[in-house]
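The values are calculated or read from the model by the stated rules, or taken from the named source; none is laboratory data. All values reported here derive from a predicted model rather than from experimental measurement. Backbone-built Cβ (ideal geometry, glycine too); neighbour counts: all protein chains shown. Keep in mind that these areas ignore ligands, DNA and RNA; they rest on the heavy atoms of the full protein, side chains included. Shrake-Rupley method; radii C 1.70, N 1.55, O 1.52, S 1.80 Å.
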Amino acid sequence: MPQIAPHPALAGRSVLSLMNHPADAVREVLDLADQLKADPEWPQALAGRSIALIFEQPSTRTRVSFEVGIARLGGHPVVLAGRDMQLGRGETIEDTAKVLSRFVDAIVIRTVDHAKVVALAEHADVPVINALTHDHHPCQGLADVMTIRERFGGPAGVRAAYVGDGNNCCHSLMVAGALMGMEVVAGCPDGYLPDPDVVERADAIARERGGRVWVVTDPREAVDGAKAVYTDVWVSMGDEDQEAERLRVFAPYRVDEALMDAAAPDAVALHPLPAHDGLEITRSVYHGPRSAVWDEAENRLHVQAALLMHILG
Ligand code: CP
Ligand code: NVA
């Protein structure tokens, strides 16, 4: 049964973007996640602990993987829909943070506005985990890197190409990959490039470990030599009013069989899901032999359980 000493950079700490966490802490989370995946007998590391899961936006994978993972570790997940909370009627994030801290041992939150999660962490007396904002999706980034490591080892030196919208999943892949010394290249259209500050910081982190993070605008150039070809939705939660323009701009960035053929011969396709057949990816790719998306989704369970063990164990 996997046991650990919580990493000091994670014990009792919030995880909002991974940008301020050391590489060895992330590596320990990935190592523990591998052990949890291999061993069906999980420790009761969260016995007697309650964790609030606040969802202000829809979720399938994040909600179920956190809820099931917490229960398997002996803890009690308290799932809250934002609209059913007083938060949805105007109670401040500060007051919500103070009150929830009296009841629960950690707060997991999904909301569009990243500043709201930062404020929640500032005012809460318990650790806060970002379960997706418009800017970052760190739990997804951890699962992505875990999946790449499973397939190709390393992952230092392995190249991943992100194709499409330079969004939250792109940022978190860059940061998690950088911490592991990967090469991460984003191929995105002008106007939809990843945040230059995130790219710069991720590149600095990667270079310390022999990796690199950079941006191009040509999808074929991005995937050249890549072992993992990653895409995500073209219209993220919060971007719905730009749908028509986005579908037009991103059309040349679809991950189809031809784009997969331009990557490394053993390349896998990754997608955080939910996917849209014929838009950012074709069904033949993500349901086909080069797909790793189902492992990637499963790995959310293991990596988040490992993260919670380090934060609360
Ligand atoms: N990948 C991901 O976060 O999925 P959900 O939106 O279903 O949680
Ligand atoms: N970029 C997407 C990810 C969904 C898991 C969004 O923010 O909606």
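When P22, P8, P77 are checked against the criterion of being closer than 23 Å to V99 by Cβ and open to solvent by 20 Å² or more (accessible area, probe 1.4 Å), a single residue qualifies: P77. Cβ separations smaller than 7 Å between residues 6+ apart or across chains give the following pairs from region 95-111 residues that are more than 11 Å from S50 (Cα to Cα) to residues that are buried (at least 24 other Cβ atoms within 10 Å of the Cβ) and hydroxyl-bearing (S, T, Y): T111/T133. For E28, are the conditions met, namely being touching a helix residue (DSSP H, G or I) at 6+ places or on another chain (Cβ under 8 Å) and more than 16 Å from ligand 1 (Cβ to nearest atom)? In short, yes. You will find that of T147, T231, the residue that is open to solvent by less than 10 Å² (accessible area, probe 1.4 Å), modelled with pLDDT of 95 or more, within 16 Å of ligand 1 (Cβ to nearest atom) and more than 21 Å from T133 (Cβ to Cβ) is T147 and no other.
Among the listed residues V215, V198, identify the single one that is in contact with a helix residue (DSSP H, G or I) (Cβ under 8 Å, 6 or more places away or on another chain), outside any strand (DSSP E or B) and at pLDDT 95 or above. Among V215, V198, only V198 is in contact with a helix residue (DSSP H, G or I) (Cβ under 8 Å, 6 or more places away or on another chain), outside any strand (DSSP E or B) and at pLDDT 95 or above. Scan region 214-229 and give yes if some residue there is among the polar types (S, T, N, Q) and out of contact with any Lys or Arg (no Cβ under 9 Å at 6 or more places or on another chain), otherwise no. So far as region 214-229 goes, yes, one or more of its residues are among the polar types (S, T, N, Q) and out of contact with any Lys or Arg (no Cβ under 9 Å at 6 or more places or on another chain).
Taking region 61-138 and the helices (runs of 4 or more DSSP H) fully enclosed by it, the elements with 1 or more residues that are farther than 26 Å from P8 by Cα and not small (G, A, S) are at 61-72, 93-103. A search for C-beta distances below 6 Å between a residue of region 52-73 that is open to solvent by 10 Å² or more (accessible area, probe 1.4 Å) and any residue that is part of a loop (DSSP other than H, G, I, E, B) and of a type outside the set (F, W, Y), counting only pairs 6+ apart in sequence or on different chains, returns E56/T111; Q57/M237. The sole residue among I148, I205 that is hydrophobic (A, V, I, L, M, F, W, C) and under 26 Å from K37 (Cα atoms) is I148.
When region 176-194 is filtered for residues that are away from ligand 1 (no atom under 16 Å from the Cβ), over 19 Å from V249 (Cα atoms) and either touching a Phe, Trp or Tyr at 6+ places or on another chain (Cβ under 6 Å) or part of a helix (DSSP H, G or I) (or both), the ones remaining, listed by number, are G177, A178, L179, V185. P77 falls short on exactly one of the conditions (1) within 16 Å of ligand 1 (Cβ to nearest atom); (2) closer than 24 Å to R151 by Cβ, and that condition is (2). Taking the conditions (1) surrounded by 14 or more Cβ atoms within 10 Å (Cβ to Cβ); (2) assigned to a helix (DSSP H, G or I); (3) within 16 Å of ligand 2 (Cβ to nearest atom) in turn, L259 satisfies each one other than (3). Residues in region 263-289 that are of a type in the set (A, V, I, L, M) and either away from ligand 1 (no atom under 16 Å from the Cβ) or open to solvent by 30 Å² or more (accessible area, probe 1.4 Å) (or both): A263, A264, A267, V268, L279, V285.
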